[in-house]
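Here the structure comes first, spelled out in structure tokens, and everything after it is commentary.
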Amino acid sequence: GRRPIVRPQMPSRKRSAAGDVAEGGRAKRAALEDPQATLAGGNKTQSKMAQFWREGKFCDISIRVDGQEFRAHRVVLAAGEMLAALSDGERFADSTSSTIELQDMSAAAFQAVLSYLYDGTVDCAMSLLTDVGAAASYLQVTPLVEQTSNALKAGLSATNCVSAWSFA
């Protein structure tokens, strides 16, 4: 098998367009930009399917998450073993219903999982890793669960260890 690639990126300083932000009478500098981790090692879906997905072509299922609707292809969800997790897979795979609603998951985390299924890789903010890992676990996308775990270990620090512990 391929070894997963985890590339944590160092934060860069970022200022708002207004420069300093005034809060409670005090000027505060804009926060550091959220560092990113590239999660890779999944099975890359046929590039044409990923292109169709980005263009919104031939999508035959909608998944509503946190007020946002995501269009996808059932065959890609099934190949990624996610379709069974979304619903009673065998019943849903052939049903006429074309919409599923997911609760208790952020749209950003679901978007990351979907991107991973189509592209085999996803750039993910370090602060989103626990949410992406939880979503991947719920949706049974095991390679992405492993990737998020590896990225969390690689980026472990005194400021994020409690969040990482809660994911484990």
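The values are calculated or read from the model by the stated rules, or taken from the named source; none is laboratory data. Treat the numbers as computed from the prediction; the structure is a model and nothing was measured. Ideal geometry is used to build each Cβ from the backbone, glycine not excepted, and the neighbour counts take in all protein chains shown. The accessibility values were calculated without ligands, DNA or RNA, using every heavy atom of the protein model including side chains. Shrake-Rupley method; radii C 1.70, N 1.55, O 1.52, S 1.80 Å.
Things to note:
- For Arg54, Arg74, Arg64, the ranking by accessible surface with the largest value first comes to Arg54, Arg64, Arg74, using a 1.4 Å probe.
- Once both labels are positioned 7 Å from their Cα atoms along Cα-to-Cβ, the gap between Asp60 and Glu81 label points is 2.3 nm.
- Largest accessible area first, the residues Thr121, Thr130 order themselves as Thr121, Thr130 under a 1.4 Å probe with ligands, DNA and RNA left out.
- Leu117 contributes about 20 Å² of solvent-accessible surface, heavy atoms of the protein only, 1.4 Å probe.
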